[in-house]
């Protein structure tokens, strides 16, 4: 069994639900939909968590290292994410209080 097969077999036991629910800063998750080590289905479960600061982007067709095949799309998504939160006056005020 290859290393990534072992990781994929057991990674469903990793659960960051509590941390995601309690995010105090914006978080962007970029995940390849064809990741053999950490299946996208595990990440998409976090979309059901009610936290407006969480953004999940699934890069269709990308594997475990999406930057190899989807760099232009990643740059665009990161730029959009940073711009959105940088222009959010409530978030900027909240950040200053931290």
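None of the figures in this text is laboratory data; all of them are computed from the coordinates on show. Predicted model only: the values in this text are computed from it and were never measured. Here the Cβ is made from the backbone with ideal geometry for all residues, glycine too, and neighbour counts use every protein chain on show.
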**Asked** For the residue pair residue 49 and residue 89, what label-to-label distance in nm results when each label sits 7 Å from Cα along the Cα-to-beta-carbon direction?
**Response** 3.0 nm
**Simple spin-label estimate for residue 16 and residue 69 in nanometres, 7 Å along Cα-Cβ** = 2.3 nm
**Fill in**
For segment 3-97, shape from the Cα gyration tensor axes a ≥ b ≥ c, cut at a/c of 1.5 then a/b versus b/c, turns out oblate
